[in-house]
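Okay, structure first, notes after.
The values are calculated or read from the model by the stated rules, or taken from the named source; none is laboratory data. Owing to the predicted nature of the structure, the values given are computational and were not obtained by experimental measurement. Counting neighbours? That spans all protein chains shown, and the Cβs are built from the backbone with ideal geometry, glycine included.
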Amino acid sequence: MEASIIKIGNSKGLRLSKTILEKYQIKDKVELILEKGQIILRPVDTPRKDWEEKFKAMAESKDDELLISDILEDDTFEEWN
């Protein structure tokens, strides 16, 4: 496939068709990987998407208790003195 480089303000860019954007699930950002004379575009995944809502739901359902204590019984803080 061939694509033209177009002028965007003082820069230049590459326009991707709606079909390509949908097929490769490209939303707002891509990662550029420069490798062996190639430029690879990879969709940026948002791994922490919706975490805030999930944490709120956990707190509301009282499912946000610590599974282990912040301080273990055998911890000593003498070395910090």
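Just so you know, in region 1-23 the residues that are among the basic types (Lys, Arg) and part of a strand (DSSP E or B) include one that is surrounded by the most Cβ atoms within 10 Å (Cβ to Cβ), and it is Lys12.
If you check Thr76, Thr46 for being modelled with pLDDT under 85 and surrounded by 10 or more Cβ atoms within 10 Å (Cβ to Cβ), only one passes: Thr46.
Selection of region 40-57 for residues being farther than 16 Å from Val30 by Cβ and either assigned to a helix (DSSP H, G or I) or in contact (Cβ under 8 Å) with a residue 12 or more places away in the chain (or both) yields Trp51, Glu52, Glu53, Lys54, Phe55, Lys56, Ala57. Thr19 - would you say it is modelled with pLDDT under 90 and of a type in the set (S, T, N, Q)? Criteria not met by Thr19.
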